[in-house]
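Heads up: the structure comes next, in structure tokens.
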Amino acid sequence: MFDRPLKILLVSSEVVPFAKTGGLADVAGSLPKALALVGNDNAGNDVRVVMPRYRQIEGAAYRLDFPVHFKNRYETAIIKESSIESHYQGAHKTIPVYMVENYHYFYRDRMYMFDDEAERFAFFCRAVLEMLPKLEWQPDIIHCNDWQSGPIPLLLKTHYRQDPFYNRIATVFTIHNLQYQGNFSKDTLKLLNLGEEYFHPDLLEFFGSVSYMKAGILYADIINTVSRTYAAEIQRPDLGERMDGLLRKRSADLFGIVNGINYHEFNPRTDPRIHRNFDQFSVSNKKENKFALQKEMGLPERDIPVIGLITRLVDQKGLDLISEIIDRLMQEDIQIVVLGSGEPHYEQLFENIKSRYPEKIGLYIGFNAILAQRIYAGSDMFLMPSRFEPCGLGQLISLRYGTIPIVRFTGGLADTVNDYNPATGSGNGFGFSEYAGMALLHSIKKALQLYREQPEQWQYLVKNAMELDFSWARSGVEYLQLYQEAITRHLDMQRIA
Ligand code: ADP
């Protein structure tokens, strides 16, 4: 199937360990590590990553610079280079990470949510493409991710279409979250050096805007999203974020590959961030992590069920369901530890809950990667009642740490968590389908009942969860197949054209 190693450029606006606001960064930092070493009898592939160089990123080395012709002026793109190391199944490789630097666009106090997002990421996309011949590196595949890199497939099929350096490059566009679309004013066309004819419903126009997400969906050779269920859901009007019609039109080119996590980094046996290491053979050590977590969060150190919640505090995450049932839930002898940041009204909601139940709620508002690991390790259960969830990483990390997920069966949560069946002992978590507080409460109660009444069965569930494999091994191979398919389709299209 893979007749030669592929040259793959992964484009992302955030990459672990350099910059992260959400799951995209985890994927962009860990998928390349798997791709570098899987396929071709493990010869691996030539994988490189490109991202903006934000202010907080240190240590990247100067590589080259060039002007990007822009809005009747030139903006300088400086390309710096850093790297990530891949240790994967005993092998090792260094993956170059290129960073597009420009003081005006990226030297700011946060990564997103500025008035000139259209211009910042038009610059980024054009700099990424202009960089390639200067590096004398011609990828087979450019793998774009979310709206920030949506213009790349568009630019390749317009400005660069006739250019022999570019016209063999195939594209894959991955939707990590359809809700964030990068919709901007009509003037944005100028930033992409495109004429007004592109402001058309069949092209870039999207409900009166120019949409970067639509550009990616329309022009990529292949589109995918981060779970099979989400790939089906986004073709429906209720979860399609107004893109469902377009996605249905391209359904033959739309795939779903569930995300993995890096089992080397997320490993309770070696994780230096947690209080006491453990594995599936020493699950009892988990309890020490619970006590350490309770202490750190200012909660009474007691051997009672602890439920973790680590999330962006946004509507997507089903927090209104938690709010709805919290008083009933607090009648149970349990503790809930919450780590999150986001919309002020949700921050306020959890502050209020905390003030009403100070002995039962541990709360940290903010982003804290170390505390996150301690919660994954020290909790018994992990809550993800999402309204929608393209893939979700929290449930995968929690399974790895023997913390049983309680989820709403949507998107990737439906593809990775199976409801525990008391009759057969099958399943790896608890879940519900109807978006309703009572359904959530019912699932939590089922989990609590098993925890309390059948501790041996619970231990079995925990051990089983830790033995599951949600590493990139399988999904990495699926991505290689997808790239191969994109190359084939790209060449076929060229032959027809
Ligand atoms: P999303 O990408 O929608 O935010 P995911 O479940 O795919 O959701 O990924 C979220 C990632 O971010 C997980 O690795 C989770 O542990 C992490 N995370 C979310 N909020 C925080 C926070 N406040 N502090 C530390 N890590 C967080």
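None of the figures in this text is laboratory data; all of them are computed from the coordinates on show. Here the structure is a predicted model, which means the values were calculated and not measured. Neighbour counts are summed over all protein chains in view; Cβ atoms, including those assigned to glycine, are modelled from backbone coordinates with ideal geometry.
If each residue of separation counts as 0.36 nm, what is the full-extension length gain between Arg269 and Tyr460 once their alpha-carbon separation is subtracted?
Once the chain is fully extended between Arg269 and Tyr460, it gains 66.9 nm.
Antiparallel DSSP bridges in the chain: what percent, to the nearest 5? Roughly 35 percent of the beta bridges in the chain run antiparallel, per DSSP.
When only the Cβ of Lys, Arg, Asp and Glu is charged (+1, +1, -1, -1), the dipole of the stretch 283-469 relative to its Cα centre reaches about 260 debye. Here the stretch 283-469 is described by how far its Cα atoms reach on the three principal axes: 43, 34, 30 Å, from widest to narrowest. Length gained on full extension, Glu478 to His87, computed as 0.36 nm times the residue gap minus the Cα-Cα distance: 138.8 nm. Across the stretch 429-470, the residues whose backbone nitrogen lies under 11 Å from the label position 7 Å along the beta-carbon direction of Asn418 are 429. Return the lysines within reach of Lys93: Cα separation strictly under 16 angstrom, same-chain partners fewer than 8 residues apart disregarded; answer none if there are no such residues. Result set, ordered by chain and number: Lys7, Lys33.
How large is log10 I(q)/I(0) at q = 0.17, 0.22, 0.28 Å⁻¹ when the Debye formula is applied to the Cα atoms of the stretch 110-161, each weighted equally and without solvent? Result of the Debye calculation: -0.56, -0.87, -1.22. Just list whichever of Lys295/Lys445; Lys20/Lys214; Lys287/Lys360; Lys20/Lys186; Lys290/Lys360 have alpha carbons separated by over 20 Å in the model shown. Correct reply: Lys295/Lys445; Lys20/Lys214; Lys20/Lys186. Bridging of Lys190 to aspartates and glutamates at a Cα separation below 20 Å is possible for Glu75, Asp115, Asp116, Glu117, Glu119, Glu130, Asp202, Glu205, once same-chain residues fewer than 8 apart are set aside.
Its Cα gyration tensor gives the chain an equivalent ellipsoid, and the semi-axes of that ellipsoid, as √(5λ) in whole Å with the largest first, are 40, 24, 22. The alpha carbon convex hull volume per residue for the stretch 205-281 rounds to 165 Å³. Using only side-chain charges placed at the Cβ, +1 for Lys and Arg and -1 for Asp and Glu, the dipole size of the chain relative to its Cα centre rounds to 420 debye.
A dipole drawn for the chain from +1 and -1 charges on Cβ atoms has a positive end, and of Thr410, Thr21, Pro305 the residue lying farthest that way is Thr21. Near Ser471, once Lys and Arg are set to +1 and Asp and Glu to -1 for all other residues with Cβ below 11 Å from its Cβ, the sum equals +1. Counting only DSSP H runs of at least 4 residues, each contributing -39500 (n - 2.57), and dividing by the residue count of the chain, the helix-based mean residue ellipticity at 222 nm comes to -11000 deg cm²/dmol.
Ellipsoid semi-axes for the stretch 79-124, based on the Cα gyration tensor and the rule √(5λ), read 31, 11, 9 Å when sorted largest first. The aspartates and glutamates within cross-link reach of Lys463, meaning a Cα-to-Cα straight distance under 18 Å and a gap of 8 or more places when in the same chain, are Asp271, Asp279, Glu288, Asp380, Asp419, Glu453. Net charge in the neighbourhood of Leu24 (other residues with Cβ under 10 Å of its Cβ; Lys, Arg +1, Asp, Glu -1) is -2.
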